[in-house]
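The structure under discussion appears below in the form of structure tokens.
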Amino acid sequence: MEYWEEINKKLKPWIDTDLNKTVVDLFAGCGGLSLGFEANGFKTIGYEMDEQATNTYNKNLIGECFNEKLTIETIYPKADIVIGGPPCQPFSVGGKQLGLKDSRDGFPIFLSAIRQLDPEVLLFENVRGMLYKNKWYLKEVIEELESLGYYINYALLNAVNYEVPQNRERVIVIGSKQKINLPKKVNRKVTAGQALGELAFQYGEDSKFFTESMDRYVANYEKASKCINPRDLYLDRPARTLTCRNLAGATGDMHRVRLKDGRRRRITVREAARLQSFPDWFEFSGTETHQYNQIGNAVAPNFAYHLALNIKRYLMDEVENHYTITENEQLKLFENEAVYQSR
């Protein structure tokens, strides 16, 4: 089975009535993180202020996403798990490190949801810088969560170690009332070529090719940045990190395929989605730029799947006295259960 065929089958929403757990996803974006949880049978409820991302979530997932701007006063429905990617703004303005006192920061909102819902498990993701120059702030957030009775585990994880065809490092923080571990690495690397398949060699009249001036710009960019290898997409290895910037703009760093005749072609929305491990049936709303931005901002769904599976094992272990399930058993479940009805 090709990688994209596996993803199309594996990452399908369903509700596990035996598990019966509800997840609230804060700052949910287009639903990449929620998709990983729904593919494990969790029910999700999302909150996202971007209208097009909200539309994408509601078009593809079973759970409902509410298009609203969250505050510390927001009231949430009952939930067993709280997840999300809180926007982290307090580090970039004139050296004023306000931390949890910064009104533009998403963590006070995330913490208020934890206080209100008192979930069994919490999980959030953030950029790698939170573990280095801004570790003081991560420590502040963790101390607050520990004061609420949670055991916290965190690490810098790379999605490439969880069957995503892309090097994408993120800080993952997980907490529970009993100690919970982070998921172990999966001993499998997926290349960009395995993810894209024939898409990499297909193009139509609407394909966006680099002009001569763009090629000159790229050559100057690579020379100035002392780039040893061109920033083209190499099909024999995982892709470099996808961002809004290198999908929707920024010629010098743009993700592109170099054809055999030497021309460079900007990758399409569907190619970007595959590199981010979105299944082909997942449809994005809005303009092309909206769609690129949703993909660049998303948690890679297959990475989210492994995070959610880890939490599911923890919860089932609590409920069913050390219940465990192997990866092969999980794949058999995908093949045997008709759990998803196309809408």
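Highest first, please rank the peptides 291-301, 274-284, 203-213, 155-165 by the mean number of other Cβ atoms sitting within 10 Å of their residues.
Per-residue Cβ counts within 10 Å, averaged per peptide and sorted highest first, yield 291-301, 274-284, 155-165, 203-213.
Short version: ³J(HN,Hα) in whole Hz for each residue of the stretch 63-68, in order, from phi by Karplus 6.51 cos²θ - 1.76 cosθ + 1.60 (θ = phi - 60°), x for Gly and Pro, what are they?
So the J values, rounded to whole Hz, are x, 9, 10, 9, 8, 7.
Residues of the stretch 217-245 with the amide nitrogen closer than 12 Å to a label point 7 Å from the Cα of E169, along Cα-to-Cβ, please.
241
Hey, what's the Cα Rg ratio for the stretch 192-295 versus the globular rule of thumb, 2.2 N^0.38 Å?
On the way: Rg = 13.4 Å, N = 104, 2.2 N^0.38 = 12.8 Å.
So the stretch 192-295 has a normalised radius of gyration of 1.04.
For K226, K43, K12, which order do you get if you count the other beta carbons within 10 Å of each Cβ and list the fewest first?
Numbers: K226 6, K43 23, K12 19.
Listed from fewest to most nearby Cβ atoms, that is K226, K12, K43.
Taking R0 as 22 Å, what's the FRET efficiency between K179 and D18 from their Cβ-Cβ distance, rounded to 0.05?
Details: r = 24 Å, r/R0 = 1.09.
That gives a FRET efficiency of 0.35.
Of the residues A224, A53, A272, which exhibits the maximal mean-square fluctuation in a Gaussian network model of the chain defined by a 10 Å Cα contact cut-off?
A224
Sort the following peptides by mean Cβ neighbour count (other Cβ atoms within 10 Å, averaged over residues), highest first: 195-201, 307-313. Don't skip to the answer; put the middle values down first.
Details: 195-201: 16.9, 307-313: 22.1.
Descending packing order for the listed peptides: 307-313, 195-201.
Taking amide H atoms as placed 1.01 Å from N in the peptide plane, list the residues 5 or more away in sequence, or in a different chain, whose amide H sits under 5 Å from that of T44.
Result for T44 returns V23, G63.
Taking θ as phi - 60°, what are the ³J(HN,Hα) couplings along the stretch 254-270 by the Karplus curve (6.51, -1.76, 1.60), each to the nearest whole Hz, with x for Gly and Pro?
My calculation for the stretch 254-270 gives 4, 6, 8, 9, 8, 7, 4, 7, x, 6, 9, 10, 4, 5, 7, 4, 5 Hz in order.
Please build a GNM for the chain, connecting alpha carbons under 10 Å apart, and tell me which residue among T54, T74, T22 fluctuates the most.
Checking each option, the largest mean-square fluctuation is seen for T74.
Run the simple label-point estimate for C244 and E140 please: 7 Å along Cα→C-beta, distance reported in nm.
Placing both labels 7 Å beyond Cα along the Cβ direction yields 2.3 nm.
Do the alpha carbons of any pairs in K208/K260; K10/K185; K59/K184; K10/K59; K59/K189; K139/K177 sit beyond 24 Å of each other, and which pairs?
Details: K208/K260 16 Å; K10/K185 18 Å; K59/K184 32 Å; K10/K59 18 Å; K59/K189 30 Å; K139/K177 19 Å.
In this structure, K59/K184; K59/K189 exceed 24 Å between Cα atoms.
For the chain, find the longest principal axis of its Cα atoms and tell me its angle to the long axis of helix 51-60, 0 to 90°, nearest 10.
That works out to roughly 80 degrees.
Using helices alone, what [θ] at 222 nm do you get for the chain, with -39,500 (n - 2.57) per DSSP H run of 4 or more residues, divided over all residues and rounded to the nearest 500?
Only helices count here, giving -10000 deg cm²/dmol.
Relative to the longest principal axis of the chain, what angle (0 to 90°, nearest 10) does the C-alpha long axis of helix 288-297 take?
Between the helix axis and the principal axis of the chain, the angle is about 50 degrees.
Each residue of the stretch 126-134 in turn: what ³J(HN,Hα) in whole Hz from Karplus with 6.51, -1.76, 1.60 and θ = phi - 60°, glycine and Pro shown as x?
Here the 3J(HN,Hα) series is 7, 5, 4, x, 5, 9, 10, 5, 10 Hz.
Say each of E222 and R263 gets a label point 7 Å from the Cα, pointing the same way as Cα to Cβ; how far apart are those two points in nm?
Inter-label distance under the simple model: 1.8 nm.
Using Cα positions and a limit of under 16 Å, work out the aspartates and glutamates in reach of K9, with same-chain residues fewer than 8 apart set aside.
Candidates past the 8-residue exclusion: E38, E163, D280, E283, E327, E329, E335, E337.
For E2 and D215 in the same chain, what is the full-extension length gain: residue separation times 0.36 nm, less their Cα-Cα distance, in nm?
Once the chain is fully extended between E2 and D215, it gains 73.4 nm.
Give me the Å³ per residue figure for the convex hull around the C-alpha atoms of the chain.
148
Just so you know, all these numbers are worked out from the coordinates, no wet-lab data involved. All values derive from a computational prediction rather than experimental measurement. A quick note on method: Cβ atoms are made from the backbone with ideal geometry, for glycine too, and the neighbour counts reach across all protein chains shown.
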